[in-house]
Amino acid sequence: MHLIRAAVVAALVVVGSFFLLAGTVGLLRFPDVYNRMHATSKATTLGAASMFLAGAVYFGPGGGGLTSLVGIVFLFITAPTGAHTISQAAHRMGVPFHGDAAWPGEDGENGD
Amino acid sequence: MATELPGFLALVVQGGLLLASGVTLFAGYRVIRGPTTPDRVVALDTIGTNVVAVAVLVAIRTGRGFFVDVGLVLAIIGFVSTIAVARYVTEGDIIE
Amino acid sequence: MSDGESTVIVRTVARVVFPLVLLTAIALLLRGHNLPGGGFIAGVLTTAAFALVYIAYGLDYPDSGLFGRAPDGVSPFDSGPGLVDGYRYLSAVGLALAAGSGVVAVLLGVPFLAQAVVFVEHLPLYGEIEVASALAFDVGVYLVVVGALLTIVAVVGAE
Amino acid sequence: MQPTPEILFAALGLPFLGALLVPVAYRALGERVADAAAALALVCFGLLLTQAGRTGTVAVPWIPALDVSFVLYLDGLSLLIALLATGVGVLIFTYSGGYMPGEPGQARYYATLLAFMGAMVGIALAADLVVLFVFWEITSVASFGLVGHYRETASAQRAARKALLVTVAGGLFMLVGFLLLRWASGNVLETATFTLVGTEGSMIANAEAMRAGLREAGLFTPALALVVVGAAAKSAQVPLHFWLPDAMEAPTPVSAFLHSATMVKAGVYLLGRVRPLFLPSEVAPLESEWVLLVATLGLVTMTVTAVLAVGATDVKQLLAYSTASHLGLITAGFGFANHLGAEAGAFHVLNHALFKATLFLVAGIVAHEAGTRAIDELGGLRRDMPLVALVTAIAALGMAGVPPFNGFYSKELLFEAAYEAAHEAGGIAWLFPALAVFGSVFTFLYSIRFLMLFFGEKPELLGEVHAPPYAMLAPPVVLAGLAAVVGASPQLAVDAIVGPAFGSAVPGPPEHAMSVHLPTAVTPPLVMSAIAILGGTAAYPFYGRLHVGVRRLAAGPVSADRAYRTLVGGTERASHTLLARTQSGQLRTYATWVIATTVALALAGYLAAGVVLPPFTGIGLAAPTVVVLAVAVVGVLAVGRAPSHVAGVLTLSILGFMIAVFYVLAGAPDLALTQLVVETLVLVVFLLVLDKLPAFYGDPDRSRALRDGALALVVGGTVSVTVLLATAATPGSPISSYFAERAPVPGEHGTIITDFGGGSNIVNVILVDFRAFDTMGEISVVAMAALSVLTLLAMRGRGEAE
């Protein structure tokens, strides 16, 4: 395998791992669900996407590489939607915000 | 494709695998402790992300492209459960 | 947005994702003989795609939204709208297909459910492809799984 | 001459085919379906008739793995039974055409009756014990359906259950007997066999060796007793006779067909069939278990049920007891070791079918036209139905054993057999003829009582009695005509059909041809007949008093029916108590019992097999795998402490994901894919049903929690042990290498490769080719599960709405 290609793959894996780690740290450390979600959706879109990208570079244009690219597309469609839905659900079931943040269109009052 | 990986790449991939499976432990903590259901869902999503990463890394390590499929399917499927739980906690019923 | 409805974002994404999932499922089904996949996985994946539509749009949507007909529940056997009611026949068709593929083998004088592979060669662009009779059996498995699981999801969902 | 296979199989298969077609035919023909069924029975009868005089086997393999083949054997005895089943069948279907209109469930009635007829032919022709048993049970089930034909009537349902319980339970005894016979055949023959008769390696062809082998193992008497229990249950022998009178809840044609002419004959047929197996050709009467058991059983049944018949108040009840009594006579006949006994048994099978079917049909006509079956309310019917009275006279006098009617000859043969046996053995054996004569007195009494329904004064209360329709009249006339022919010229019947039949029940070649005629000299059996007839005549004026006395006796504490009720009632109460404990309507109770039972069985199996756990050799796993499994364990432990249902389900998902990762790490992408998609779908389904569950189960009870925890530990331990044992048992050449070698497409591509799977995904090739039959079964289960969910949920309200 070409050395540069291997280096690119390795770099992408490192980047992906970093985002996974960061997302998990955020998941553990942030004060409420909205903040945690903010951290983990980075892990999903950037972290997992880097991994997929690494796969795409590694496998080249056919087979596993193509699948990896499709996977990136999927992740970018579904991960934000999932985050959106779950934050909406959290808001509607009345999970309070940390600090003085507010839902757009509502003036600092929690729940509806 | 199943050629021998260069030493540094093998090391990185192995490290990535360890990391991806290791952080599931902490995400698991969030699933278990909550405190709210959305917290658990978010944490579970993170675990799913880690599984995607593991699948891709295993694909690279073994040189078998079809392991990527596992990640692909998970990327689609994880979304379904997130939406289902979201609906459940707000409506109490996921299909009307 | 009113209670009981999903947001526009969810609905739109469901619309986009649904055909992609189906495509993935069919790809898994077709290549199952040689790569990971097969009737069962493809069937469950298809069911998940339908579940997504049901979650986003409700159980009546395929009937009212796609075919523009009002759901009617007159027969006591009805488990829901017309399309939902038809799922269980899908299982029957699948079982018949799977069993039928076995009977064909018997008619050809080999044991029940024995499979064969045919190679179609010299195709333009594609070269050579392998056609396995196991695919018929796998499609049967697929139909049974889809029919049965959708019946369960729809019936339980209609509760 | 060998029988023609096609004809035998056609005669056997046509009734079943007809039974399948009845629902369709009923839509097209309506009540005329009776004629179609009669025509079909006639075809079968004709087919069998073409085979008269032939002897031999025809066979096709059925379950080759168990060495069970579908062997049909035709000889005199089986031809007699098969002809009776189809011949009487023709008449019964014709009669039903007149009897059944206006009754409910006719399609079901005709279909069951046809299937029964086929099964009866099957019993007669089966040479293999397994085949015989299957047909035997089909007749029991058909009888169950027909006795319980009137579904609204509670007594009919009870009677049907009783008939089924007794005959099927008896059949199971018989099956154990058959298994003993097979076991013995494995010891003494070259190969173990289920084949009873007809081939060189069959049991009867090696009867001497079989008997010796059974005796050596000490199993001769158990095997004999087990087979006799089955036959006795089917043929209503004392003390298993009590289901037969209750079975009269069936429509009368059924009573005539199943419960007098054919099904109850299956038991005595079996006795006749296995007679050469258990009875050596030369033996002293009191030294043979067969004689002691079967002859005694038959004579006791003959006498007890004849007495009970005198106590009957209902016409059909009287005939039912009388049927049991005559079956006793046949049993006794086959029970005696001398050839006269076999002659009596074989001849009486025919005679009884002729006169008893006639009498049942007459009883049906009487009930249909006079509106009552109570003996006390009937009389003087001769004026309204002279032809029926004539028919009844022929049949009833035959039943009474009065010369020159048909029953007389077979009864003479029995008396002669009993006398010979007593003469030979002396002493206590004289009880045989004494009992036979005593029973015959009562036989004479009730026969005359039945005949007197047509004579004497017509009671005031009895309204106008119509003449029956021709469809109902013709069958008894034909039967009685045949009975009269047999009575007038018995040798004709003997030469035609009874002679060969008797030959099948005798060990070895028959010593001489059977010959029957009116007695010309005073012989001991003639004297016995005279005593029976004169005694009966003398006692007849006291019939009323006898009737009351018998009724009082039957109501006493010693009654088989009472024992049955106690047994069934006790079982019911016990199962109620057990059910309340094991099936309380709470899922946790069901789960507890099911799991505990499974674990107990598995552990008991391991203990019995004395398995040894493989030694622990350390964990040979990579670091990521260990991490994944550790997370899985943590997740599982957390499930138990989850604060809500949703939290629990989500926590459980950790386990699902970790298993998927484990599969990926272990190099099984198929399994990982399946695990992930199933995981998601399960989550969706869980969420669908979660809101139906109560939020809390109340405060946990400490003792119950402890018990559940202990059970969970035991279950987990059992599963671990099972996995350890299953994975430790590595055979020399694992099957996986077999699959791996053969699954992929060979290097050089042919046009069509059918040898093996031909795919590079070995998992899929195993699923769709190597083990495709398993997959068939699995997807059937999936479809069934969906149907169950559909039925349980979507149609839940239907039962209440109706």
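Observations on the model:
- Among D:E103, D:E464, a tally of other beta-carbon atoms within 10 Å of each Cβ gives an order, fewest to most, of D:E464, D:E103.
- Computed log₁₀ I(q)/I(0) - Debye formula, equal Cα scatterers, no solvent, segment A:3-92, q 0.18 Å⁻¹: -0.78
- ³J(HN,Hα), Karplus 6.51/-1.76/1.60, whole Hz, each residue of segment D:253-263, x for Gly, Pro: x, 5, 4, 5, 7, 6, 9, 9, 8, 10, 4
- Principal-axis tilt of helix D:5-29 within chain D, Cα atoms, nearest 10 degrees: 80
- Close amide-amide hydrogen proximity is noted between D:A126 and D:Y73, each under 5 Å apart and 5 or more residues distant or on a separate chain (H modeled in the peptide plane; Pro and chain starts excluded).
- Spatial separation of Cα centroids for segment D:381-419 and segment D:436-506, in angstrom: 6
- Mean-position separation - Cα centroids, segment D:286-318 and segment A:44-76, in angstrom: 88
- For segment D:14-162, dividing the convex hull volume of the Cα atoms by the residue count gives 120 Å³ per residue.
- Volume per residue for segment D:522-632 equals 283 cubic angstrom (convex hull of Cα atoms).
- Square roots of five times the Cα gyration tensor eigenvalues for segment D:587-742, Å: 31, 24, 16
- Residues D:Y606, C:Y54, D:Y663, sorted so that the one with the fewest Cβ neighbours within 10 Å comes first: D:Y606, D:Y663, C:Y54
- Between amide H atoms placed 1.01 Å from N, distances below 5 Å from D:T262 occur with no residue 5 or more places distant or on a separate chain.
- Compared with the dominant Cα axis of chain D, that is its longest principal axis, helix D:431-451 is turned about 80°.
- Extension gain, D:A554 back to D:A521 (0.36 nm per residue minus Cα-Cα distance, nm): 7.8 nm
- Approximate shape of segment D:236-390 as ellipsoid semi-axes (Cα gyration tensor, √5λ), whole Å, largest first: 33, 14, 12
- Rounded to whole Hz, the Karplus (6.51, -1.76, 1.60) HN-Hα couplings of segment D:130-145, x for glycine and proline: 5, 4, 4, 4, 4, 5, 4, 6, 4, 5, 4, 5, 4, 4, 4, x
- Above-threshold pairs, the threshold being 26 Å between Cα atoms, out of D:K234/D:K458; D:K316/D:K458; D:K162/D:K316; D:K265/D:K458; D:K411/D:K458; D:K162/D:K411: D:K234/D:K458; D:K265/D:K458; D:K411/D:K458; D:K162/D:K411
- Based on alpha-carbon atoms, the Kirkwood radius and the radius of gyration of segment D:286-543 give Rg/Rh equal to 0.99.
- Between 0 and 90 degrees, the angle of helix A:3-29 with respect to the longest Cα principal axis of chain A falls at about 20 degrees.
- Relative contact order, whole percent, for chain D stands at 10, derived from Cα pairs under 8 Å and 6 or more residues apart.
- Relative packing of D:369-376, B:48-55, D:484-491, which averages over residues the other C-beta atoms within 10 Å, highest first: B:48-55, D:484-491, D:369-376
- Label sites at C:T12 and D:L20, each approximated as a point 7 angstrom past Cα along Cα to Cβ, lie 5.9 nm apart.
- Residues D:V781 and D:V689, FRET efficiency given R0 of 22 Å [Cβ-Cβ distance, rounded to 0.05]: 0.60
- Isotropic mean projected area of the C-alpha convex hull, chain D (nm²): 45.3
- Rg to Rh quotient for segment D:116-189, alpha carbon positions, Kirkwood Rh: 1.12
- Part-to-part distance (alpha-carbon centres) for segment D:133-158 and segment D:208-252, which is given in Å: 20
- Among D:T589, D:T262, a tally of other beta-carbon atoms within 10 Å of each Cβ gives an order, fewest to most, of D:T589, D:T262.
- Karplus-based coupling profile of segment D:681-688, in residue order and whole Hz: 5, 4, 4, 4, 5, 4, 5, 5, with θ = phi - 60° in 6.51 cos²θ - 1.76 cosθ + 1.60 and x standing for Gly or Pro.
- With the Kirkwood sum run over all distinct C-alpha pairs, the protein assembly as shown has a hydrodynamic radius of 35.7 Å.
- All-pairs alpha carbon distance profile, segment D:274-353, 5 Å steps from 0, percent: 3, 17, 23, 21, 15, 10, 6, 3, 1, 0
Values in this text are rule-based calculations from the coordinates and carry no lab data. All values derive from a computational prediction rather than experimental measurement. Please note: Cβ atoms are built from the backbone with ideal geometry, for glycine as well, and neighbour counts cover all protein chains shown.
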